[in-house]
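Novice: The following block contains the structure, expressed as structure tokens.
The values are calculated or read from the model by the stated rules, or taken from the named source; none is laboratory data. Keep in mind it's a predicted model, so treat the numbers as computed, not measured. Counting neighbours? That spans all protein chains shown, and the Cβs are built from the backbone with ideal geometry, glycine included. Only protein heavy atoms, including side chains, enter the accessible area calculation; ligands, DNA and RNA are left aside. Shrake-Rupley method; radii C 1.70, N 1.55, O 1.52, S 1.80 Å.
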Amino acid sequence: GSVVASYPYDDSPTHRPTGVYSKSADDEVFKYLAKAYASHHPIMRTGKPNCPGEEGETFPDGITNGAQWYDVEGGMQDYNYVWASCFEITLELSCCKYPPTSELPKEWENNRESLLAFIEKV
């Protein structure tokens with residue numbers, strides 16, 4: 001896990017594991033939506049999730065192009081965009097995939113304003 005808003009494309013023509021910006025035709029819209037979410041999240045907006053084992057990982061403005069981060073062939077956000085014209089971003093909300101129940105109120109507080117801002121945009 002991480003704390004970042006990722007947008008299409010997750011897959012790239014070269015299929016290099018990382019570092020290839022895979023721009024969609026709607027790249028600016030996707031960046032706008034990802035920033036709308038990230039800019040209201042207290043950790044995501046810093047671009048420094050500080051996840052264990054990935055302390056040096058950074059995401060400018062708390063967002064990333066999926067393939068720039070790491071290439072994923074056959075991902076849902078790409079599939080939905082290409083085949084159903086659905087605009088979808090992926091939200092990584094925690095360094096931990098399964099946070100303990102005791103942390104859920106804090107996660108809600110971290111994401112509430114982001115969710116509202118995102119809903120207002122879409």
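Novice: Would you tally the residues in segment 2-56 being of a type outside the set (S, T, N, Q) and within 14 Å of Ser94 (Cα to Cα)?
Specialist: 17
Novice: Starting from segment 14-29, take each residue that is under 18 Å from Ile63 (Cβ atoms) and list its partners that are hydroxyl-bearing (Ser, Thr, Tyr) and loosely packed, with under 12 Cβ neighbours inside 10 Å, counting only C-beta distances under 6 angstrom and pairs at least six apart or across chains.
Specialist: Every condition considered, the pairs that remain are Val20/Thr14.
Novice: Now for a separate question. Scan segment 57-109 residue by residue and report those that are over 13 Å from the mean Cα position of the chain (by Cα), under 25 Å from Ile119 (Cβ atoms) and among the hydroxyl-bearing types (Ser, Thr, Tyr).
Specialist: Tyr79, Tyr81, Ser85
Novice: On to the next question. Check whether at least one residue in segment 62-85 is under 23 Å from Ser39 (Cα atoms), open to solvent by 30 Å² or more (accessible area, probe 1.4 Å), at pLDDT 95 or above and in contact with a helix residue (DSSP H, G or I) (Cβ under 9 Å, 6 or more places away or on another chain), and report yes or no.
Specialist: No, segment 62-85 has no match at all.
Novice: In segment 42-60, how many are open to solvent by 50 Å² or more (accessible area, probe 1.4 Å) and farther than 25 Å from Thr14 by Cβ?
Specialist: Step one: filter segment 42-60 for residues open to solvent by 50 Å² or more (accessible area, probe 1.4 Å), giving 42-43, 45-46, 48, 50, 52-56, 58, 60.
Still in the running and farther than 25 Å from Thr14 by Cβ: 42-43, 45-46, 48, 50, 52-53, 55.
Counting residues in segment 42-60 that are open to solvent by 50 Å² or more (accessible area, probe 1.4 Å) and farther than 25 Å from Thr14 by Cβ gives 9.
Novice: Within segment 17-32, can you find the residues that are open to solvent by 100 Å² or more (accessible area, probe 1.4 Å) and assigned to a helix (DSSP H, G or I)?
Specialist: Residues satisfying the conditions are Glu28, Tyr32.
Novice: Taking the conditions exactly as written (aliphatic (A, V, I, L, M) and in a helix (DSSP H, G or I)), does Leu115 satisfy them or not?
Specialist: Working: aliphatic (A, V, I, L, M): yes; in a helix (DSSP H, G or I): yes.
Spelling it out, Leu115 is indeed aliphatic (A, V, I, L, M) and in a helix (DSSP H, G or I).
Novice: If you scan segment 80-112, which residues turn out to be under 23 Å from Asp10 (Cβ atoms), among the aliphatic types (A, V, I, L, M) and part of a helix (DSSP H, G or I)?
Specialist: Val82, Ala84, listed by residue number.
Novice: Yes or no: Lys97 in contact (Cβ under 8 Å) with a residue 12 or more places away in the chain, more than 18 Å from Phe30 (Cβ to Cβ) and open to solvent by 100 Å² or more (accessible area, probe 1.4 Å)?
Specialist: Yes, satisfied.
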